[in-house]
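The structure appears below as structure tokens.
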Amino acid sequence: MRRRYQNLGTTGAGNPIQLGAGTQVGSMPSTFTQGSVTSTGVPTDVAIQGSGFYVVQRGGVISYTRAGNFAVDKDNFLVTSDGQQVLGYLAVNGIVNTGQALAPLQLGAGTISPPTTTTTVQIQTNLNAAATVGGTDGTYSTPLTIYDSLGASHTLTLTFTKTDANTWDYSLSIPASDLNPINGTPQTGILATGTLTFDGNGALIGPVDANGDLVNITGIDAVSLADGASDMSFDWNLLNGTTPVITQVAAPSSTSSTQQNGSSSGTLSNFSIGADGTVTGSFSNGKTAALGQVALASFANVLGLQRAGDTNYTETLASGQAVLGTAGTGGRGTLAGGSLELSNVDISTEFAALIVAQRAFEANAKAVTTFDQITQDTINLKQG
């Protein structure tokens with residue numbers, strides 16, 4: 001509050017003669033101290049820890065807020081509780097470019113993770129050293145799923161046939177129906193054949209290169225795919241680093257694990273917001289990728305911001321222009337995903353201040369009442 005006075009002149013001693021004219025509101029500054037942060041577990045909630053404001057827009061009009069209770073609207077945009085779009089830096093192919101202009105962040109379920117073609121496969125398998133050549137236990141097959149450039153899956157079957165002690169022939173194939181004929185001749189689906197050899201301890205010792213070193217099997221091709229995908233070429237890794245992953249000991253033939261690096265396309269399952277504002281999406285095909293990065297704005301004088309209602313502020317000449325950037329840089333705070341910043345108002349302190357103000361009002365009112373009573377008693381004495 002600010003007192004107001006009316007100047008009536010001065011006394012003979014030069015002292016001012018002033019008549020009080022009540023009070024008026026001097027200012028109502030916002031309090032930008034840090035509120036406590038509580039976890040909500042909601043992926044669209046995010047709290048600022050430190051200084052900074054989210055940049056939001058509606059109809060091209062920019063405003064700023066610290067309220068991070070966001071949601072995803074029907075058009076898959078990240079929006080505030082009152083429907084304003086949250087602005088940030090978009091990601092292209094999982095890469096965020098913070099040098100570009102701010103744009104609305106679109107994070108909805110319509111986001112697609114593109115497929116990737118399989119380029120390597122690996123199986124961890126034991127072939128039964130006690131198997132009989134030509135017997136039923138001398139043949140073993142195991143399946144593995146691979147993906148073409150369109151994201152379509154194909155079942156790759158690896159078949160091993162024992163041909164001699166410590167020697168197994170192999171064949172890699174996909175269904176013949178997955179391949180178009182070449183020059184009118186149907187393809188068999190067999191992509192690669194060869195031989196694996198083992199030493200007396202069951203360790204893999206072949207195939208080898210010209211130097212006699214154990215090598216992976218490379219350049220396995222699947223051409224003229226029936227679904228129209230690009231031709232495939234992948235490697236079969238027999239080694240994990242320098243260690244063979246195929247063994248031959250006297251135990252039933254079995255495969256303990258399979259690996260391949262391709263995937264089908266996927267849709268966005270959920271996302272999380274990191275401390276630097278990066279929004280990372282998790283997709284149904286098991287992949288993760290950056291979807292964008294939430295931007296923050298800082299101001300030279302936050303007390304110069306103008307309230308725009310609904311926890312929003314707009315910049316003014318007093319606040320200075322917004323300085324845009326990412327969380328954790330340029331003095332801006334970090335973000336806590338799945339959390340919200342609570343009110344920075346201390347209710348107990350404010351309630352205590354309210355009680356003090358109420359008591360002061362009551363005391364002043366009592367003084368006026370007492371003066372009125374004394375005045376009335378004095379008048380009554382004169383009249384008596």
> If you go through segment 44-102 one residue at a time, how many are of a type in the set (Ser, Thr, Tyr) and either assigned to a loop (DSSP other than H, G, I, E, B) or not assigned by TED's automatic domain parsing to the domain that holds Ser319 (or both)?
Replying inline: 5
> Pick from Ala318, Ala308, Ala297: which is farther than 27 Å from Gly274 by Cβ and touching a strand residue (DSSP E or B) at 6+ places or on another chain (Cβ under 7 Å)?
Replying inline: Ala308
>> For the structure I just gave you, tell me whether Leu105 is surrounded by 20 or more Cβ atoms within 10 Å (Cβ to Cβ), in the same structural domain as Ser63 (by TED's automatic domain parsing) and under 35 Å from the mean Cα position of the chain (by Cα).
In response: yes
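Yes/no matrix, rows are residues, columns are (1) among the hydrophobic types (A, V, I, L, M, F, W, C); (2) under 32 Å from the mean Cα position of the chain (by Cα); (3) assigned by TED's automatic domain parsing to the domain that holds Gln100:
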position	(1), (2), (3)
Asp235	no, no, no
Thr278	no, yes, yes
Phe283	yes, yes, yes
Gly286	no, yes, yes
Gly328	no, yes, yes
> In segment 306-346, which residues are in contact (Cβ under 8 Å) with a residue 60 or more places away in the chain, within 19 Å of Gln57 (Cβ to Cβ) and either acidic (Asp, Glu) or surrounded by fewer than 13 Cβ atoms within 10 Å (Cβ to Cβ) (or both)?
Replying inline: Arg307, Asp310, Glu315
> in contact with a strand residue (DSSP E or B) (Cβ under 7 Å, 6 or more places away or on another chain) and not β-branched (Val, Ile, Thr): does that describe Gly94?
Replying inline: yes
> closer than 30 Å to Thr136 by Cβ and of a type in the set (S, T, N, Q) - does that describe any residue in segment 199-210?
Replying inline: yes
>> Just checking: which of the strands (runs of 3 or more DSSP E) contained wholly in segment 150-250 hold 3 or more residues that are free of Cβ contacts under 8 Å to residues at least 12 places away in the same chain and over 30 Å from Pro115 (Cα atoms)?
In response: none
> For Ser265, all conditions in the list (1) over 10 Å from the mean Cα position of the chain (by Cα); (2) within 20 Å of Ile48 (Cα to Cα); (3) surrounded by 13 or more Cβ atoms within 10 Å (Cβ to Cβ) hold save one; what is the number of the exception?
Replying inline: (2)
>> Give me the strands (runs of 3 or more DSSP E) completely within segment 278-384, filtered to those with at least 1 residues that are acidic (Asp, Glu) and touching a Pro at 6+ places or on another chain (Cβ under 8 Å), ordered by residue number.
In response: none
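The values are calculated or read from the model by the stated rules, or taken from the named source; none is laboratory data. What you see is a predicted model, and the numbers here were worked out from it, not measured in a lab. FYI the Cβ positions are ideal-geometry reconstructions off the backbone, even for glycines, and counts take in every protein chain you see.
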